[in-house]
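S.K.: Sharing a structure below in structure tokens format, with a few things to ask.
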Amino acid sequence: MCLSNTNLFVISGGPGAGKTTLLQELEKRGFPFAPDPPRQIIQEQVQRGGIALPWRDRRAFTLLWLERSIELYLTHTPSTRPTFSERGIPDTLCYARRIGFADEELILDACRRYRYAPVVFLAPLWKEIYETDNERKEEFVEIERTYEPLVEVYSGLGYRLIELPKVSPAQRAQFVLEQLRLVGCPIDIQAVKSGS
């Protein structure tokens, strides 16, 4: 069985590129979003002393990420209005390829079965705003390898990619909503501009 959710829009990109901040800005304007699974998993695993962490057991982390991504997809399907997802199932595939995960076909099958809106927004790497924290431990030089594989994975799965501009969160949110209007989503831009 394949599912398609044309109102669930992925916002992806490298770590620390402003995805969460953008999604919070969109949420202020009335657009719900599904949170970033890797960050949640890391927080939960650290709290309970688990091993499904990218610096301990990458296989367990990848499988948990896939499971959580599918759960989030199903929670927000169907969506009757534009909803956003911080990362999508294809992000899991990208990570799996990066670490040499042996069961790539399992993730690829999930990418084919659970389809998001055909337009995906990508936040480019942005050194000036990148910061490490408890969940994001990589230095900027390590994450520079993450962007192009995301482009390859999402475009290879047939998604149309739109790169986000390096502007303020409010301007980025406006850009996203204007792009949605251009692809036929019924959004009242004037109401959005006023923040209602």
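S.K.: Taking R59, is it closer than 24 Å to E152 by Cβ, surrounded by fewer than 22 Cβ atoms within 10 Å (Cβ to Cβ) and in contact with an Asp or Glu (Cβ under 6 Å, 6 or more places away or on another chain)?
M.R.: no
S.K.: Can you tell me which residues in the range 87-118 are aliphatic (A, V, I, L, M) and within 25 Å of K19 (Cα to Cα)? Walk me through how you get there before you give the answer.
M.R.: Going through the range 87-118, the residues aliphatic (A, V, I, L, M) turn out to be 89, 93, 96, 99, 102, 106-108, 110, 117.
I89, L93, A96, I99, I107, L108, A110, A117, listed by residue number.
S.K.: I'd like to check which helices (runs of 4 or more DSSP H) are fully inside the range 13-99 and have at least 1 residues that are over 16 Å from the mean Cα position of the chain (by Cα) and free of Cβ contacts under 8 Å to residues at least 60 places away in the same chain.
M.R.: Because the criterion is at least 1 residues that are over 16 Å from the mean Cα position of the chain (by Cα) and free of Cβ contacts under 8 Å to residues at least 60 places away in the same chain, the helices (runs of 4 or more DSSP H) in the range 13-99 that meet it are 37-48, 58-75, 89-99.
S.K.: Those residues that are crowded, with 18+ Cβ neighbours inside 10 Å and within 25 Å of A102 (Cβ to Cβ), I need them from the range 1-35; list them, please.
M.R.: Within the range 1-35, S12, G14, P15 meet the criteria.
S.K.: Answer yes if at least one residue in the range 104-122 is in contact with a Leu (Cβ under 8 Å, 6 or more places away or on another chain), at pLDDT below 95 and part of a loop (DSSP other than H, G, I, E, B), and no otherwise.
M.R.: Looking for residues that are in contact with a Leu (Cβ under 8 Å, 6 or more places away or on another chain), at pLDDT below 95 and part of a loop (DSSP other than H, G, I, E, B), one finds none in the range 104-122, hence no.
S.K.: Still on this model: When residues of the range 80-115 are filtered for being surrounded by 18 or more Cβ atoms within 10 Å (Cβ to Cβ) and not aliphatic (A, V, I, L, M), how many remain?
M.R.: Matching residues across the range 80-115 total 16.
The values are calculated or read from the model by the stated rules, or taken from the named source; none is laboratory data. Here the structure is a predicted model, which means the values were calculated and not measured. Virtual Cβ from ideal backbone geometry, glycine too; neighbours counted across all protein chains shown.
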